[in-house]
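Notes for the one structure printed next.
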Amino acid sequence: MSESPWLTVLGLGEDGLDGLSPASRQVLDRAEVIMGPPRHLSLLPENEAERFEWPVPFSDGLPILKGLRGRQTVVLASGDPFWFGAGSVIARNFDANEWTALPGQSTFSLAAARLGWPLESTLTFGLHAAPLTRLRPHLAAGLHAIVLLRDGKAVAELATYLSETGFADSALNVMQALGGPRENVQTVSLTEALLGTFDHPVCVGLEVTGTGRGVSKASGKPDDLFETDGQITKRPIRALTLSALAPQRGEHLWDIGGGTGSISIEWLMCDPTLTATSIEPRADRAERIRRNADALGQDRLQVVHGTAPEALAGLPLPDVVFIGGGLSTSLLAWLRDALPAGTRLVANAVTLESEALLARWHQDLGGDLLRIELAHSAPLGPRRAWKAAYPVVQWSVTL
């Protein structure tokens, strides 16, 4: 018979004890230790339990919590600990039989109730510890989103970001201390948000309006969405390449010869569970990949400055590999020998030499070999004609 959990993750609202269920109150009464941020601790009356303030950064609190094993411990979190909260981090770091959770009412539920918005069609973002650029792939006129922010000053930062991206007509429903005696809800323009003062905890119900540029949901984003020095997989080829890469939930990509980073960035845009590492031998291009990823809300992209295959040693193994640059016999041989069976590989070639290399490896390992030839209309004197781009040969194989 397994032992009872010694750790309880307790969702606490701004009304403190008043909003807790009888079961949650009993857990607090039995607690030997209560651990949480200073604001959460201040919402509870003093009792005999020993108290620890959770430090910043959040990860520094985990060793302290592990040192409390065996004592009845309550960790305080905001609302629902498993919706952009501390619950999932604790669950990853402790055995399932060590902890239990008693969630409270989430800030998102309270905000939706105040605004009359259906949560099933409202996007939710936890940006209290993440950059505002996470919004970028979703920004478009008509968007409704509920955004958790770091503090009151972040409301003005959000207003500035919306103005810079062309959505200056948006309305911000600023909600402070939802569910508690200090609750305050007000709808402000971006100008009013810049001039106003707001208290923590704060979230914003965002109603996006304006002529800013939205980001297409389809693979093959416009080339001018990316900062580039010309080394970029062009939009039609990129769309076909993403189709060949066939991202599936939870997979990890190696993007070898990242160039502008367009392939790995679009890969990440397909699903929030995807991860990617972009490997680029030129320092200036590696920095450009970082800027593109950050600007388009894909800050979780890992960028490695180095040359493959040397730079690949020690990296988390991929499920999928794309070779957009640096194609060579030695690289293909390293990938064949180092990666586990089932890893998918896609390589694009433009030169005759690299095309011949792919043809030889296709003969040996099989897979699909595709030749892509595209042409765009261009002026020819007073008329128009087709101007052909360099053909691309694409090899796709499962190792």
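A few remarks follow.
- Per-region count, the range 219-234, residues free of Cβ contacts under 8 Å to residues at least 40 places away in the same chain and more than 25 Å from Thr343 (Cα to Cα): 4
- Odd one out for Arg336, checked against (1) surrounded by fewer than 16 Cβ atoms within 10 Å (Cβ to Cβ); (2) under 21 Å from the mean Cα position of the chain (by Cα); (3) basic (Lys, Arg): (2)
- Contact map, the range 91-111: first residue more than 17 Å from Leu65 (Cβ to Cβ), second residue buried (at least 16 other Cβ atoms within 10 Å of the Cβ) and aromatic (Phe, Trp, Tyr), Cβ cut-off under 6 Å, separation 6 or more or different chains; pairs are Ser106/Trp83.
- Screening the candidates Leu206, Leu240, Leu253 for the property of being closer than 17 Å to Ala347 by Cβ, crowded, with 18+ Cβ neighbours inside 10 Å and within 22 Å of the chain's Cα centre (by Cα) yields one hit, Leu253.
- Checking Lys234 against (1) at pLDDT below 95; (2) closer than 22 Å to Gly367 by Cβ; (3) in contact with a Leu (Cβ under 9 Å, 6 or more places away or on another chain), the condition it does not meet: (2)
- Number of positions in the range 31-90 that are buried (at least 18 other Cβ atoms within 10 Å of the Cβ), under 23 Å from Ala177 (Cβ atoms) and hydroxyl-bearing (Ser, Thr, Tyr): 1
- Scope the range 21-40; condition of a type in the set (A, V, I, L, M) and under 32 Å from the mean Cα position of the chain (by Cα); matching residues: Ile34, Met35
- Count of residues meeting criterion [over 11 Å from the mean Cα position of the chain (by Cα) and either assigned to a loop (DSSP other than H, G, I, E, B) or of a type in the set (A, V, I, L, M, F, W, C) (or both)] in the range 112-131: 11
- Once the range 256-287 is narrowed to residues that are in contact with a His (Cβ under 9 Å, 6 or more places away or on another chain) and of a type in the set (Ser, Thr, Tyr), the residue that is farthest from Val346 (Cα to Cα) is Thr275.
- Of all the numbered requirements in (1) on the phi > 0 side of the Ramachandran plot; (2) surrounded by fewer than 17 Cβ atoms within 10 Å (Cβ to Cβ), Gly179 misses one, and that requirement is (2).
- Filter result for Ser354 (at pLDDT 95 or above, of a type in the set (Gly, Ala, Ser) and touching a helix residue (DSSP H, G or I) at 6+ places or on another chain (Cβ under 8 Å)): no
- Residues in the range 114-170 that are without any contact (Cβ under 8 Å) to a residue 40 or more places away in the chain, small (Gly, Ala, Ser) and crowded, with 17+ Cβ neighbours inside 10 Å: Ala159, Ser163.
- Any chance Thr133 is among the β-branched types (Val, Ile, Thr), within 25 Å of Arg290 (Cβ to Cβ) and outside the structural domain of Gly79 (by TED's automatic domain parsing): yes
- Strands (runs of 3 or more DSSP E) completely within the range 182-259 that count 3 or more residues being among the β-branched types (Val, Ile, Thr): 184-189
- Candidates are the residues of the range 134-177 that are hydroxyl-bearing (Ser, Thr, Tyr) and assigned to a helix (DSSP H, G or I); the one that is nearest to Gly212 (Cα to Cα) is Ser163.
- Ser278 vs. criteria of a type in the set (Ser, Thr, Tyr) and in the same structural domain as Val393 (by TED's automatic domain parsing): yes
- Of residues in the range 241-280 being touching a residue at least 60 places away in the same chain (Cβ under 8 Å) and among the charged types (D, E, K, R), the one farthest from Gly230 (Cα to Cα): Glu251
- Summed over the range 304-324, residues that are within 26 Å of Arg136 (Cβ to Cβ) and surrounded by 22 or more Cβ atoms within 10 Å (Cβ to Cβ) total 4.
The values are calculated or read from the model by the stated rules, or taken from the named source; none is laboratory data. Predicted model only: the values in this text are computed from it and were never measured. Here the Cβ is made from the backbone with ideal geometry for all residues, glycine too, and neighbour counts use every protein chain on show.
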